[in-house]
Structures are given as C-alpha cells and as structure tokens.
Amino acid sequence: MSGAIVLLVLFAALLHASWNALVKAGPDKLLSTVLVACGSALPAALALPFLALPAPASWPWLAASACMHLVYYRLLAAAYAHGDMSHAYPLMRGSAPLLVALASAALVGEVLSVRQYGAIALICAGVLAMGLWRGADTTPPSRRATLFALFNAAVIACYTLIDGVGVRLSGAPVAYTLWLFALSALVLLVSVVGKRHALADYGRRYWKTGLLGGLVSMASYGLALWAMTAAPVAVIAALRETSILFAALIASVFLRERLGVRRVCAVGLIAGGAVAMRFA
C-alpha cells in the first residue's frame, strides 16, 4: 500500500470521527443522524445527473448496502443516546475490522498475510480495550450502549464487505458512492416518516450542522471506498478504524468526556497497529 493511500485513509478516519461527534453533540441523536444523512444526500443528488450510472452488476449490492446503512444509522443513534462516544465508538469501529478480516477471504477472495492479520488484531485489541476497560477514571459504560454498539459492529462489517464488492463491480466508484448516500438517506427518511413534523422543526434549527456533517460523512466514506479499489478491503477497513484516535481526542476536548489513563494507554495499541499496517 502506498503512502498516499495511507494518508488518505487516515484523513478519512479524522472526518469520520468528526461527523460522529456532531451526531453525539446534537440534542436528539436520531434526528441529528437523519440530518447528517440528508446533508450528504443533497450534494449527491445534485451531482448524479452528470455522472454515468454504475454498472448494472453493482445495483444489487448498492440496494443491499442502502438497507444495511438504514440499520447502521438507527443503531448509531441508539448507541449515542445511551452512552458516551468514547465508549460506543470504539466498540462499533473496533469490532468490525476483525469480522471483515475473517470473512473477506471467503467472500471477496482476498488472502491476507500473517503480518496483516497481526496488524488488524493489534488495532482491534486497542479499540476494544478502550471500549471495554472499566475503572474509576472513566465514565461507567451503559449496557444498552454496549449492546447497540456491538450489534452495529456486525452491521458495519456487513456493509463494508458489500461495498467492497459493489464498488469494484460498479466501474464508477464516485457514482456508486453518491448513489449510496442518496439511497441511504431516502430509506432513512421513510423510516422516520412518523416523526416528520419533529424532523422539520429540528431541521430548521440545525440544518447547518446537518449539511456540514453530511459533507464530511460523504468525503470520509468516499475516500475509503476509493481506497478499497486499490488495496485489500480488510486492510483499508482496519486502517480506517484509527479514527478512534481522533474520536478520543474530540470526545475529551469538545464533548468533555472522561477517558482515563487506561483508555489513553489503549490508544498506543491502535497507533502501533496503524504503523504495523503501513509496513505489512
């Protein structure tokens, strides 16, 4: 993997942590999530008429991914409604790469080296340690937040593998990504139609946050999907999880969450895994 790809994926990780912080900071986590999804769908819809359609072979994968993203968004909002970002985020993002690594060889046809598996394991160990360690120096984790986050890790692993295949079959990574954001927002809006009046009022107050979060979310996942066309899916998925480094900093500085010495030490494992991934 080239240095340029590594830097792009790390930047995508920073962007991902940033839009998650915007959702966590919002007074209503579900409606904030909907606004972010719509914020990414709006520029996507404006650009789609000027792009060729993805190859038909990718359409089933695109539809499946949009459905999985609906579940992802709902679980994301639930996890943040019941727990700290510094607890839920590591569990969601840390468990997924291991699941991807275990499944990608069979489903995507990729065979990883022993060093790559070692780097993936190191990153996963770091983020899981950060999420699961308990002590007086950290905020006690919520059982509901833990369950929602772990369920979402499985969803993340599923849509990562789906999109890893779909974007390659599409022949048009940019168009695939934009269609994904547009369709994901559409199904999410349909799922909250019963709250349309509350959403309209919420949108009038927080539309700027939603648009900013949407643009950041689009850039983050778009960069990751492009990277999947140039490097193994499991490697990109694991390297992208270094977003926990940025999420920990954002949670501490901007959201005023207590991280504690133990969780800070876990960051070292993640950083070591990122370096190991670079040289694997």
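The values are calculated or read from the model by the stated rules, or taken from the named source; none is laboratory data. These numbers come from a predicted model, not from an experiment. Note that we place each Cβ from the backbone using ideal geometry, even for glycine, and neighbour counts take in every protein chain shown. These accessible areas exclude ligands, DNA and RNA; they are computed on the full protein's heavy atoms, side chains included. Shrake-Rupley method; radii C 1.70, N 1.55, O 1.52, S 1.80 Å.
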Of the residues in segment 245-276, how many are modelled with pLDDT under 85 and either assigned to a helix (DSSP H, G or I) or among the aromatic types (Phe, Trp, Tyr) (or both)? 17
Yes or no: residue 17 farther than 24 Å from residue 178 by Cα and either surrounded by 19 or more Cβ atoms within 10 Å (Cβ to Cβ) or acidic (Asp, Glu) (or both)? no
For the structure I just gave you, tell me whether residue 80 is of a type in the set (Ser, Thr, Tyr) and either farther than 24 Å from residue 271 by Cα or in contact with a strand residue (DSSP E or B) (Cβ under 9 Å, 6 or more places away or on another chain) (or both). yes
Just to be sure I understand, how many residues within segment 195-246 are under 17 Å from residue 167 (Cβ atoms) and among the β-branched types (Val, Ile, Thr)? 4
Cβ pairs under 8 Å, 6+ apart, first in segment 235-264 and farther than 17 Å from residue 91 by Cα, second in a helix (DSSP H, G or I) and open to solvent by 60 Å² or more (accessible area, probe 1.4 Å): 254/25; 255/25
Considering every residue within segment 220-234, establish whether at least one is open to solvent by 70 Å² or more (accessible area, probe 1.4 Å), free of Cβ contacts under 8 Å to residues at least 24 places away in the same chain and in a helix (DSSP H, G or I). no
Scanning for something surrounded by fewer than 24 Cβ atoms within 10 Å (Cβ to Cβ), within 14 Å of the chain's Cα centre (by Cα) and not basic (Lys, Arg), does segment 247-265 turn up at least one residue? no
Taking residue 61 as meeting all but one of (1) in a helix (DSSP H, G or I); (2) open to solvent by less than 60 Å² (accessible area, probe 1.4 Å); (3) at pLDDT 95 or above; (4) in contact with a helix residue (DSSP H, G or I) (Cβ under 6 Å, 6 or more places away or on another chain), write down the number of the exception. (2)
Being hydroxyl-bearing (Ser, Thr, Tyr) and in contact with a Phe, Trp or Tyr (Cβ under 6 Å, 6 or more places away or on another chain), is that true of even one residue in segment 207-216? no
Are any residues in segment 22-50 buried (at least 21 other Cβ atoms within 10 Å of the Cβ) and over 24 Å from residue 193 (Cβ atoms), and if so, which ones? 24
Could you check how many residues of segment 183-194 are within 17 Å of residue 162 (Cα to Cα) and surrounded by 22 or more Cβ atoms within 10 Å (Cβ to Cβ)? 1
Which one of these is at pLDDT below 95, assigned to a helix (DSSP H, G or I) and either over 28 Å from residue 127 (Cα atoms) or in contact with a Pro (Cβ under 7 Å, 6 or more places away or on another chain) (or both): 196, 205? 196
Qualifying residue in segment 66-81 (condition: more than 24 Å from residue 263 (Cα to Cα), of a type in the set (A, V, I, L, M, F, W, C) and without any contact (Cβ under 8 Å) to a residue 60 or more places away in the chain): no
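Residue-by-condition table, conditions (1) in contact (Cβ under 8 Å) with a residue 24 or more places away in the chain; (2) among the β-branched types (Val, Ile, Thr); (3) assigned to a helix (DSSP H, G or I):
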{"residue": "7", "(1), (2), (3)": "no, no, yes"}
{"residue": "12", "(1), (2), (3)": "yes, no, yes"}
{"residue": "16", "(1), (2), (3)": "yes, no, yes"}
{"residue": "31", "(1), (2), (3)": "yes, no, yes"}
{"residue": "36", "(1), (2), (3)": "yes, yes, yes"}
{"residue": "40", "(1), (2), (3)": "yes, no, yes"}
{"residue": "44", "(1), (2), (3)": "yes, no, yes"}
{"residue": "49", "(1), (2), (3)": "no, no, yes"}
{"residue": "53", "(1), (2), (3)": "yes, no, no"}
